[in-house]
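Q: Dropping the structure in here first, questions after.
The values are calculated or read from the model by the stated rules, or taken from the named source; none is laboratory data. Computed from a predicted model, the values in this text were never measured in an experiment. Heads up, the Cβs are rebuilt from the backbone with ideal geometry, glycines too, and the neighbour counts pull from every protein chain shown. Protein only, heavy atoms only, side chains kept; ligands, DNA and RNA dropped before computing areas. Shrake-Rupley method; radii C 1.70, N 1.55, O 1.52, S 1.80 Å.
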Amino acid sequence: MGYFFTILDFAFTVYQYMIIAYILMSWVPQMRDTGIGQLLERLVEPYLAPFRRFIPPLGFIDISPIVALIALRFAHYGLVSILIKL
């Protein structure tokens, strides 16, 4: 069971870094046209889209990815606590 928690933690951590990389790539528009940028867009944008629908940008600042990262962290803690109880 310890290996499962390690893999689960690793998957959540990798996805968080993917979201952060996608956010940083938005500062350089040419990076989104690369293969890695398009891959990150296909993997991250479906998760970020619901947050962007409900949280409007504040001027030029889009805070929805920050809320998405916090929600992902809460989901991670919740899933781990549920699995520990089983």
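Q: Out of Y17, Y47, report the one residue that is open to solvent by 90 Å² or more (accessible area, probe 1.4 Å), in a helix (DSSP H, G or I) and of a type in the set (F, W, Y).
A: That would be Y17, the only listed residue that is open to solvent by 90 Å² or more (accessible area, probe 1.4 Å), in a helix (DSSP H, G or I) and of a type in the set (F, W, Y).
Q: Scan region 23-50 for residues that are closer than 15 Å to V67 by Cα and touching a residue at least 24 places away in the same chain (Cβ under 8 Å) and jot them down.
A: Within region 23-50, I23, V44, Y47, L48 qualify.
Q: Write out, first by first residue and then by second, each pair whose Cβ atoms fall under 7 Å of each other, whose residues are 6+ apart or on separate chains, and whose first residue, in region 60-80, is under 11 Å from Q16 (Cβ atoms) while the second is open to solvent by 40 Å² or more (accessible area, probe 1.4 Å).
A: As it stands, the answer is P65/I23; A68/Y47; A68/F51; L72/Y15, since those pairs meet every condition given.
Q: Also, I was wondering about something else. Looking only at residues that are of a type in the set (V, I, T) and open to solvent by less than 70 Å² (accessible area, probe 1.4 Å) in region 50-80, which one is modelled with the highest pLDDT?
A: Once the filter is applied, the top-ranked residue is V67.
Q: Could you count how many residues in region 31-40 are surrounded by fewer than 15 Cβ atoms within 10 Å (Cβ to Cβ) and not hydroxyl-bearing (S, T, Y)?
A: Final tally of qualifying residues: 6.
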